[in-house]
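Read through the structure below, which is laid out as structure tokens, and then see the notes.
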Amino acid sequence: MTAISRCFENLRRNQECALIPFITAGDPDLETTAKALQVLDRSGADIIELGVPYSDPLADGPVIQAAATRALHRGTTLEQVLEMLKGVGPSLRSPIILFTYYNPILHRGVDKFLQQVKDAGVSGLVVPDLPLEESAGLIKPAADRGIDLTLLVAPTSSPERIEAIARASQGFIYLVSVTGVTGMRTQVQGRVSELLQQIRHVTDKPIGVGFGISDPEQARQVKVWGADAAIVGSAVVNRLAEGTPEQGLEAIAQFSQSLKTAIKNPS
């Protein structure tokens with residue numbers, strides 16, 4: 001059993017919902033990223049999603065795009081991100097999911113890339129521009145190394161495609177709550193409730209909901225609808241970027257605690 005599967009199993013046993021915050025590596029710098037991982041780890045996060053800054057982030061909205069641009073301008077590379085993880089990873093309770101586009105994987109070669117991320121202690125991958133039809137070449141070698149490749153279900157996915165994605169996805173299924181890119185929304189679309197039930201009919205794998213959750217009430221709502229995880233990205237990235245690095249770290253600590261409280265006590 002992988003680290004991510006163990007995490008979800010323990011939470012399910014206690015009828016709890018996972019909190020999965022997202023931050024962009026290298027924004028404002030890698031030293032702050034390492035501290036942010038530790039802060040989130042002790043402030044309610046169950047799993048942490050770490051974005052590798054990329055020049056053409058098709059799935060990301062303006063907040064995360066801006067964070068990636070700032071990180072790239074500072075010269076942040078995948079190798080630096082992984083080196084940082086090697087240092088901070090042993091102190092973390094939460095498994096790390098690396099959010100990366102496919103080009104860095106293709107550039108290095110699948111085997112080399114997977115060995116690099118395994119050596120850095122990464123437990124899972126989300127590759128938003130890798131379609132189901134081309135995922136087999138990454139899923140199996142990743143699984144052989146104990147790394148889960150989690151696939152995304154879109155609100156526009158057909159029932160047949162949802163079933164195929166649910167079958168292939170490892171660790172959990174990532175349900176995108178909106179049509180479009182990441183970003184903060186004023187409300188979570190009601191269609192998420194229907195999609196959760198639709199996925200439940202074809203799999204017992206955990207389901208995480210992301211893209212658009214920006215406050216504790218929205219996190220609570222997806223928990224009530226039956227999600228196994230609330231994934232919160234832009235709202236965390238936004239808070240970390242405000243003020244000094246110390247102020248940003250304090251802001252994400254308080255926010256993470258409020259999110260976890262909301263999904264632990266959904267009534």
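What to note about this one:
- Annotation: of all residues in segment 227-253 being over 18 Å from the mean Cα position of the chain (by Cα) and in contact (Cβ under 8 Å) with a residue 12 or more places away in the chain, the one that is nearest to residue 31 (Cα to Cα) is 245.
- Complete set of residues in segment 99-149 that are hydroxyl-bearing (Ser, Thr, Tyr) and in contact (Cβ under 8 Å) with a residue 60 or more places away in the chain: 123
- The residues in segment 129-163 that are within 16 Å of residue 174 (Cβ to Cβ), open to solvent by 20 Å² or more (accessible area, probe 1.4 Å) and aliphatic (A, V, I, L, M) can be counted, and the count is 4.
- Residue list for segment 86-109, filter: within 16 Å of residue 123 (Cβ to Cβ) and in contact with a helix residue (DSSP H, G or I) (Cβ under 8 Å, 6 or more places away or on another chain): 86, 88, 91, 92, 93, 94, 95, 96, 97, 98, 100
- Residue in segment 166-175 that is open to solvent by 50 Å² or more (accessible area, probe 1.4 Å), closer than 18 Å to residue 22 by Cα and in contact (Cβ under 8 Å) with a residue 60 or more places away in the chain present: no
- Conditions (1) at pLDDT 95 or above; (2) assigned to a helix (DSSP H, G or I): number failed by residue 218: (1)
- Every condition in (1) open to solvent by less than 50 Å² (accessible area, probe 1.4 Å); (2) among the hydroxyl-bearing types (Ser, Thr, Tyr); (3) at pLDDT 95 or above is met by residue 244 except one, and the failing one is (1).
- Being within 25 Å of residue 207 (Cα to Cα), at pLDDT 95 or above and under 16 Å from the mean Cα position of the chain (by Cα) is a condition met by at least one residue of segment 8-15.
- Taken as a whole, segment 188-199 holds no residue that is within 17 Å of residue 130 (Cα to Cα), open to solvent by 50 Å² or more (accessible area, probe 1.4 Å), outside any strand (DSSP E or B) and at pLDDT below 95.
The values are calculated or read from the model by the stated rules, or taken from the named source; none is laboratory data. What you see is a predicted model; the values in this text were computed from it and never measured. Cβ: placed from backbone, ideal geometry, glycine included. Neighbour counts: every protein chain shown. The accessibility values were calculated without ligands, DNA or RNA, using every heavy atom of the protein model including side chains. Shrake-Rupley method; radii C 1.70, N 1.55, O 1.52, S 1.80 Å.
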